[in-house]
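The structure under discussion appears below in the form of C-alpha cells.
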Amino acid sequence: MVGMADSGSPCWYVYMLECSGDLLYTGITPDVAQRFDKHCSGRGAAFTRINPPRRILAAMACADRSSALKMESALKKLKRPAKLAWVQQHAWPEESPPES
C-alpha cells in the first residue's frame, strides 16, 4: 500500500504486525506491503529477525513522516488491549483465500 498525500508527497503509514510468540511490532513506512516483505526476509528490524512476522494486522495513513513517527511512539506506549483496539479500528484487509 503506497499512497500520496494531498500535497503530492508520499504518504507515510504507521503499521502493526503480529509476530511469532503472539508479539506485536509497530513501525512506519511509505509502503506497508514492501516493508512487510523486508521483515519476512530478515532485512527488517532486529525485533522481526528474532520474532518473525506472521501477518500485517493494521495500518493507518499519516500526513507525513513526522506525524507517523509521533503516532508510532504513542502506540508503543499503549498496553496490549489498547493496541488491539487500535488494530480493530485500522484493520489491514485480509487477502482472499485461494480458490480450490
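The values are calculated or read from the model by the stated rules, or taken from the named source; none is laboratory data. Please read all numbers here as calculations on a predicted model, not as lab measurements. In this analysis, Cβ positions are derived from the backbone assuming ideal geometry, glycine residues included, and neighbour counts consider all displayed protein chains.
Tell me, yes or no, whether the stretch 86-99 has at least one residue that is part of a helix (DSSP H, G or I) and hydroxyl-bearing (Ser, Thr, Tyr). Within the stretch 86-99, not a single residue is part of a helix (DSSP H, G or I) and hydroxyl-bearing (Ser, Thr, Tyr).
Let's see how each residue does on (1) more than 14 Å from the chain's Cα centre (by Cα); (2) at pLDDT below 95; (3) more than 18 Å from Ala91 (Cβ to Cβ); (4) among the hydrophobic types (A, V, I, L, M, F, W, C):
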residue	(1), (2), (3), (4)
Cys19	no, no, no, yes
Gly27	no, no, no, no
Pro30	no, no, yes, no
Ala45	no, yes, yes, yes
Ile56	no, no, no, yes
Ala59	no, no, no, yes
Ser66	yes, no, yes, no
Glu72	no, no, no, no
Leu78	yes, no, no, yes
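For the stretch 67-86, a residue qualifies if it is more than 16 Å from Ile28 (Cα to Cα) and of a type in the set (Gly, Ala, Ser), and the qualifying residues are Ala82, Ala85. Of all the criteria given as (1) among the basic types (Lys, Arg); (2) surrounded by fewer than 15 Cβ atoms within 10 Å (Cβ to Cβ); (3) in contact (Cβ under 8 Å) with a residue 24 or more places away in the chain, the one not satisfied by Arg65 is (2). For the stretch 68-85, the set of residues classified as in a helix (DSSP H, G or I) and surrounded by fewer than 17 Cβ atoms within 10 Å (Cβ to Cβ) consists of Leu69, Lys70, Ser73, Ala74, Lys76, Arg80, Pro81, Ala82, Leu84, Ala85, listed by residue number.
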